[in-house]
Amino acid sequence: MKRLLSLILICLPALLWAQGAMRQLQHMHQVRKGETWAAIATRYGVSEQALRQANPDVKTKKDKPRKGELLCIPETCPPPEPPPAPVATVSTSMASLNIGVLLPLEEDSGRGAKMVEFYQGLLMAADSVRRGGTDITIHALHTGSTRASMQQLLSAHKQELQHTQVIFGPVDDEQIEPLNEFCMQHGIRLVMPFAHTRGNANQPLAYTATAPANVSATDAAALVDRVMGNDANYVIVNTSKPDTRGALFTGKLKEQLATRGVAARVLNIDGDDFAYESAFNQTQVNCIVPDNTGIKSLNILCTKLLDFSAEHPQYRLRLVGYPEWNTYTKTLLESFFQLDTYAFCTYYSHPMSDSTVSFGRSFASNFGHPMATSFPCYAMMGFDMGYHFMHGLATQGDTFEDRQGGLNPQPAQHHFTFRQDTEGGGRTNHFVQLVHYSPDQKITLVR
């Protein structure tokens, strides 16, 4: 990997690092309800034909691109006219933003490549926000991985960082404390993109964007219980090799059910037909939850459940499980459909959806290479996180903490629902959803 400069100051419109060359960032527009090709083209000062040619894969219905689609705006167009100022309204928006990005951007490793792609997605978000009339300056710094390297960085670059409104980082746990102290001292919002073992209890402007495993498991258990409803017979499948996430979620689910006096049944995966029939109920939906997230045990369970269903069609079976399952669809998609499967997750993007394809095309145009194939997609993560905070601060200003709802209703991959877990403490993202693979072969998101 080519090494990034230790400090990159980017005053948007941004010039982006891409395969040894700097390229002008192509603009993006997220389609709102009712917008037509002609209206969007007029807004950006480009012909409708050029706009359509730049987005050949976007589906059209009655001369309108689908709501939520990310459109690539041809590079030659001027910025759109800013929306008219509201009448008789006091504006809380920010005309300019200073953003810090403190990540291990120079690591010659798989982690370093992911951080660079996250940063590139964040740059795309910054450019989208800039087109609304906000000037944005980004200070990107390579942090290393130690507490000492973070302290040295903050000391050397205090002048530019102390005036930022938000800093994204760090990655390593031992760097949290010095960065947190710096942000508290200067009243800066600290957005920690990735899950950490240390909390944010002492920093009211700290945001944990990826919830720790125990938090997401608790939230997922509550959502599953609500969606499955009272007409559910829960069956925990003991695979004899529970993994960390499986054991955590099934434990939280048992706790959730206990709050309303319901006990889950337990079934050994290698049990015979009689054992399965004894665990299931003919009058309720049988929600089957294994204690292992892996594909090997899931393959075994799916085979057993499908065989059982063929022999006993009077039982209603429903498989409930984990984020990892969404990566197993190449081999298990048909089984998921047949077993009416629900998989909880905190982020999701369908690799073949129009919006994902459009985003990937824009990324490749901007940076000269395709996004890495990963789940989650780090470019989308950077875009969604960057847009949530930069657009939020640009439009809400200092009222951002109290007015975060609906800032980005159609993200590429990540939603954010931040809540304070303790009074005076930081905020954690509590968003969770279920990906439903229904018997009619549809995939929908349930929240």
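Laboratory data are not the source of any read-out in this text; all were calculated from the coordinates shown. What you see is a predicted model, and the numbers here were worked out from it, not measured in a lab. Methodologically, a virtual Cβ is constructed for each residue, glycine included, from the backbone with ideal geometry; neighbour enumeration extends over all protein chains shown.
Before moving on, here are some points about what is shown:
- Cα→Cβ-extended label distance, 7 Å offset, between Ser365 and His186, nm: 3.5
- 12 Å beta-carbon shell around Thr137, net charge (K/R +1, D/E -1): -1
- Whole-number percent relative contact order across the chain, with pairs defined as alpha carbons under 8 Å at least 6 apart: 19
- Taking a sphere under 14 Å around the Cβ of Tyr234 and counting the other residues whose Cβ falls inside, with K and R at +1 and D and E at -1, yields a net charge of +3.
- Rounded FRET efficiency, nearest 0.05, which uses the C-beta distance separating Ser93 from Asp402 and R0 of 25 Å: 0.95
- Summarising the strand pairing of the chain, around 45 percent of its internal DSSP beta bridges are antiparallel.
- Full extension of the chain between Ala213 and Asp231 yields a length gain of 3.7 nm, computed as 0.36 nm times the residue separation minus the alpha carbon distance.
- Each Lys or Arg adds one and each Asp or Glu subtracts one; over the other residues with Cβ under 14 Å from the Cβ of Tyr315, this totals -2.
- All Cα pairs of the chain, percent lying beyond 40 Å: 26
- Per-residue HN-Hα couplings for region 265-281 [Karplus 6.51, -1.76, 1.60; θ = phi - 60°; Hz; x = Gly/Pro]: 7, 10, 9, 7, 4, 8, x, 7, 4, 5, 5, 5, 5, 5, 7, 8, 10
- Inter-label distance for Arg447 and Glu255, nm, one decimal - labels placed 7 Å from Cα along Cα-to-Cβ: 2.5
- Cross-link pairs beyond the 23 Å C-alpha cut-off, checked among Lys304/Lys330; Lys330/Lys442; Lys241/Lys304; Lys241/Lys442; Lys67/Lys114: Lys241/Lys442; Lys67/Lys114
- Amide proton proximity set for Leu97, modelled H, under 5 Å, gap of 5+: Asp135, Ile136, Thr137
- Extension gain for Met352-Phe308 works out to 12.6 nm (0.36 nm per residue, less the C-alpha to C-alpha distance).
- Between the beta carbons of His163 and Val262, assuming R0 = 60 Å, the FRET efficiency works out to 0.65 to the nearest 0.05.
- Full-stretch length increase - Glu48, Gln284 - with 0.36 nm per residue and alpha-carbon distance subtracted: 79.5 nm
- Lys/Arg +1, Asp/Glu -1 at C-beta; the chain dipole; positive extreme among Thr327, Gln175, Val237: Thr327
- DSSP H segments from the chain that extend 27 Å or more along their own axis, Cα-based, with Kyte-Doolittle mean of -0.5 or above: 110-130
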